[in-house]
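Notes to accompany the following structure.
The values are calculated or read from the model by the stated rules, or taken from the named source; none is laboratory data. Just so you know, these numbers come straight off a predicted model, no measurement behind them. Note that we place each Cβ from the backbone using ideal geometry, even for glycine, and neighbour counts take in every protein chain shown. These accessible areas exclude ligands, DNA and RNA; they are computed on the full protein's heavy atoms, side chains included. Shrake-Rupley method; radii C 1.70, N 1.55, O 1.52, S 1.80 Å.
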Amino acid sequence: MQLNDTPIQSEMKLESMDDTTLRSVLKDAHIPSLLGTLAHLTHDMSLLKEEFRPNYVETAAGLQPQGGLSASAQEHAREMALKVIKDIGQGIYGAKPNLERAQVRQIMEFMVGPFSDDHFSLLLNELGLAHYTRAPDWHQSQIAPDTNFTVAIIGAGLAGVGAAYRLKQVGIPFVILERHHEVGGVWSENNYPGCHLDTSNFNYSYSFNQNPHWREEYASRAAVLDYLQSSSEKFGLHEHIRYNTEVVAGVYNESDGSWNLTLRLSDGSSEHLRVQALISAVGQLNRPNYPAIDNIDAFEGHAWHTARWNHGVDLTGKRVGVIGTGASGFQAIQKISEVASQLTVFQRSPPWVRYTPGYNSMLKEGSRWLFANVPNYHRWFRVYRMWVGMGRRAYTEVDPAWNHPVSMSQKNEELRELMMAHLEKSLSDRPDLLRKMTPDYPPFAKRCASDDGKWFETLKKPNVNLVTEKITKAHEGGIETADGVHHELDVIVFGTGFKAADFLSTLPLTGRGGVKLQDQWHGDDARAYYGITVPNFPNLFCLYGPNTNINGNASLVLLSEAGAMYIVECIRLLLESRKSAMEVREDVLERFNERIDAASATVVYGAATVNSWYKNASGRLTQNWPLPTVEYWRATREVNKDDYLFF
């Protein structure tokens, strides 16, 4: 890309830019975030002029672009920013001490509007500057130097790497047991065509290892995988990882408060490992769900799940059937359509599609330059993104007095109308597709898809056929649907999601008194205190556990990081107690779940009757956090010792 005939690369230095080029770069700036950045860098609060104050008007599409500033106000802000950036580049402002927290809050509230003290501590964490963040303030060498205490982390994905980082900070010995050959978790397992984030990188990355060099805002699978692997390398975690090592069983030993793990190695042999604590970081989305299709074994072509992609089969010129239009199917379909001779999409229910400019494209060159060259601009933009993400929760709330056949509140209806407008505009020339692609359930009852227009263009391609009739059976050459049509196929791809409700179902864990975890959870009714600790299973901690997924609630990474900090604090309490084990009290978990179940009825993904992977077979919400994000943040910042039994 070129701006004013001058190629702009993120590596281009400020001193080599003329004013015309810098002005072009600033056209891609997010003005509220940039002004916040510059005020923080210079300590000059006068940059936050009333003329530039955002209007904080929240709509179904989010805060208004550029804070709702007029064109003239935007131009004035860019001219002011140009001068300040040039002055910074010339060293006029010099080194500055850390800005006081009150002034940091002033900047944040200028950007997004007023907020509570808890929101402030959360946003400080997201800013990720060491002076303002809360890191563990203890070390094992100080509080229990003679105690033998080793932790096993199952899984080297996002949560596992984050937990390992915190354990290393406090000097707790640990080993990461990873069944695959590399760091990455779900991003290693899922390598289907088109796999990439459907949330902003600036929310889906560690607060303690932020990246100013993203090339996309919605990163590709390769970029996310590289980020996780480089994070592991940066923090010296590779030496703690045992690859190609699967945990196949775990038994708690009451006599010494340890976990005895059975491991399966790459050569098929077994090994035993004894540790004092166990962290499950295996996540919710790791067991592919295959639909029950009569006679599917008779199909003579190739068939696989999106999470088990067969790269040995070239889809060029093939007749491909994709079952499911959820998150992975939604992405894979767009890429498959580019090479298949015929693509048949089998859809049970259409997704709500949120118009997301830039979803399938690179960041603008000006944005990339600013992120890479204006110190901490990427951090302040992350703060803004986090606030916008938390604001979406209002559109998931249920109004019991609201009377509408689809939506469940005034705001939920505003969101439905916004997405319907995008749907109707995109498919105005295809009433047949418009009918098939109009959801009959409220927005956020299922995961909303993100798209910049490519999805609907894909469905309109001449080689793509959308089928909404129920699949009745398979045959040697393809699939038959309820209308009696035989769909001839060479390949079947299952984009049918995961068995998310069956937490840890492939890992038999036996706790205190011989209790089996799957028995206690009745298979698909997993319950854990803040998704982390479980009665009868001392020193077992979960990350991305029950009720810690998010939907319209900002950032999964935030909850994962908060959980890791909570676990580290639990370990501190345990070491200080001089006991060998700790376990959450049953009455504490019972009261917690009563609160979760009550809150679930107040959000559309809990109250709506549509089928979704957020719920178990009985309809209970077991996946998502139904309360505001800030409540999870507040509750996990400290461990209440009285919530636990110590042995």
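Over the stretch 71-132, the ratio between the Cα radius of gyration and 2.2 N^0.38 Å evaluates to 1.38. Relative to the current alpha-carbon distance between residue 220 and residue 522, full extension at 0.36 nm per residue lengthens the span by 105.0 nm. In terms of overall dimensions, the stretch 542-647 has a Cα radius of gyration and Dmax of 15.1, 49 angstrom.
The portion of the accessible surface of the stretch 211-322 made up by carbon and sulfur, rounded to a whole percent, is 45 (1.4 Å probe; DNA, RNA and ligands excluded).
Packing order of peptides 376-386, 87-97, highest average first: 376-386, 87-97 (average count of other Cβ atoms within 10 Å over each peptide's residues). Every pair of different Cα atoms in the stretch 155-222 enters the Kirkwood calculation, which places the hydrodynamic radius at 13.4 Å. The listed residues 215, 287, 78 rank as 215, 287, 78 when sorted by accessible area, largest first, using a 1.4 Å probe.
With all protein chains kept in place, the per residue accessible area of the chain amounts to 40 square angstrom at a probe of 1.4 angstrom. Cross-link partners for residue 579 among the lysines, with Cα-Cα distance under 16 Å and sequence neighbours closer than 8 places in the same chain left out: 641.
Peptides 183-195, 606-618, 320-332, ordered by how many other C-beta atoms sit within 10 Å of their residues on average, highest first, read 320-332, 183-195, 606-618.
Spatially close Lys pairs in the stretch 381-536, defined by Cα atoms under 14 Å apart and a spacing of eight or more places or different chains, total 4.
Under Stokes-Einstein, with the Kirkwood radius over Cα pairs as Rh, the value for the stretch 1-143 at 10 °C and 1.306 mPa s is 92 µm²/s. The trypsin sites (Lys or Arg not before Pro) found in the stretch 455-496 that occupy coil by DSSP, while having at most 15 further C-beta atoms within 10 Å, are 460, 470. Here, P(r) means the percent of Cα pairs in each 5 Å bin from 0 to the largest distance; for the stretch 397-455 it is 4, 17, 27, 24, 16, 8, 3, 0. Here is how the number arises for the chain: DSSP H runs of 4 or more residues each give -39500 (n - 2.57), the sum is divided by the residue count, and the result at 222 nm is -9500 deg cm²/dmol. Both radii were evaluated on the Cα set of the stretch 537-604; the Rg over Rh quotient, with Rh as the Kirkwood radius, amounts to 1.03.
Counted by Cβ distance under 13 Å from residue 31, the other residues give a net charge of 0, where Lys and Arg count +1 and Asp and Glu count -1.
Over the stretch 33-97, the alpha carbon radius of gyration divided by the compact-protein estimate 2.2 N^0.38 Å works out to 1.24.
Its alpha carbons give the stretch 158-272 an Rg and a Dmax of 16.4, 53 Å. Peptides 226-232, 404-410 ranked from most to least packed, by the mean per-residue count of other Cβ atoms within 10 Å: 226-232, 404-410.
The heavy atoms of residue 254 offer some 110 square angstrom of accessible surface to a 1.4 angstrom probe. The slack between residue 43 and residue 349, meaning 0.36 nm per residue of separation minus the straight C-alpha distance, is 104.9 nm. Projecting the alpha carbon convex hull of the stretch 107-173 along each direction and taking the average yields 6.3 nm².
Accessible-area rank, largest first, for 580, 428: 428, 580, with all protein chains present and a 1.4 angstrom probe.
Relative intensity of the stretch 391-520 on a log10 scale, I(q)/I(0) at q = 0.09, 0.15, 0.16 Å⁻¹, equals -0.48, -0.98, -1.02, per a Debye sum over C-alpha point scatterers of equal strength in the absence of solvent. Each Lys and Arg Cβ is given +1 and each Asp and Glu Cβ -1; about its Cα centre, the chain then shows a dipole of about 380 debye. For the chain, the antiparallel share of DSSP beta bridges with both residues in that region comes to about 50%. With each label modelled as a point 7 angstrom along the Cα→C-beta vector, the residue 141-residue 90 pair spans 4.8 nm. Using +1 at the Cβ of each Lys and Arg and -1 at the Cβ of each Asp and Glu in the stretch 349-480, identify which of 384, 373, 474 lies farthest towards the dipole's positive end. Going by the charge dipole, the pick is 373. Summing Lys, Arg as +1 and Asp, Glu as -1, what charge do residues with Cβ under 9 Å from the Cβ of residue 366 carry, residue 366 excluded? Residues near residue 366 contribute +1 overall.
Partners of residue 234 within straight-line reach, counting lysines whose Cα lies under 20 Å from its Cα and excluding those fewer than 8 residues away in the same chain: 168.
Note on residue 49: lysines with a C-alpha under 20 Å away, same-chain residues under 8 apart excluded, are 27, 83, 86. Sorting the Cα pairs of the chain by distance into bins of 10 Å, from 0 upward, gives 3, 15, 24, 26, 20, 10, 3, 0 percent per bin. A simple spin-label model places pseudo-atoms 7 Å from Cα toward Cβ; at residue 246 and residue 302 they are separated by 2.3 nm. Counting only Cα atoms, the size of the stretch 245-330 along its three principal axes is 61, 29, 25 Å, in decreasing order.
Each of 508, 522, 535 was placed along the dipole of the stretch 489-539 (beta-carbon charges, centred on the mean Cα), and the one lying farthest toward the positive end is 535. Beyond 16 Å, how much of the Cα-Cα pair distribution for the stretch 299-410 remains, as a whole percent? Tail fraction, whole percent: 76.
The distance from the alpha carbon centre of the stretch 50-98 to that of the stretch 292-353 is 46 Å, rounded to a whole number. Normalised by 2.2 N^0.38 Å, where N is the number of residues, the alpha-carbon radius of gyration of the stretch 481-627 equals 1.26.
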